[in-house]
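As structure tokens, the structure follows; a few thoughts come after it.
The values are calculated or read from the model by the stated rules, or taken from the named source; none is laboratory data. This structure is a prediction, so every number in the text was calculated from the model and none was measured. Positions of Cβ are backbone-derived with ideal geometry, glycine not excepted, and every protein chain shown enters the neighbour counts. SASA here: full protein model, heavy atoms, side chains in, ligands and nucleic acids out. Shrake-Rupley method; radii C 1.70, N 1.55, O 1.52, S 1.80 Å.
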Amino acid sequence: VVDPITRTCSFAVAAALLAAAPADAKRASYAAQPSLLAAYARARLAGSDGALGEATRAYSTILNARPDDAAVAARAYRQALTAGDFPLALKAAAALDKAGALPADGQLLILSKALKSKDWKTANAAVDVLGKDGSFDFVVPVLRAWVAQASKSGDPFAILDAPTGSALTAALSSE
């Protein structure tokens, strides 16, 4: 439960962020979608109160109305991950990817979707991006072996046995 001061400050921050948008764009946006401000305030407050379902529903409403807004997509992405709302997380990740702002962990989400749908090309591409980013390079051989095993398109043990130059990767490979 959040104290009243934090709740008031959260609402004030939400209102200030929305007020900082260009006036013409703001007027046009809210004239077309008068409930966006209320949905944003609801999302922020619900998230700070731990009402994850309410927060993700509100962020989903906002993301539907503003699919190219990377700031909204980023908030929706993080809230959806926290709430376990896989469809919203994927939708927000796609918007962030389109904006060139997908965080490294977003590739793990894309990889999980590809594995679930047995889309091996997308799975391998996600692993490639993870390897180039550097944040998850220690686990890339394990992920490559996992994709090879699942797709029946290679020897996962050969992938794990290949030298990587990383002590951490070598330790994980042996497991």
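For the reader, a short list of remarks on this structure follows.
- Computed from label points 7 Å out along Cα-Cβ, the spacing between SER166 and ASN64 is 4.0 nm.
- Taking one quarter of the surface of the convex hull spanned by the alpha-carbon atoms of the stretch 89-175 gives a direction-averaged projected area of 5.7 nm².
- Accessible area of the stretch 67-175 divided out per residue, in Å², using a probe of 1.4 angstrom: 56
- Surface share of carbon and sulfur [accessible, 1.4 angstrom probe, percent] for the stretch 111-175: 59
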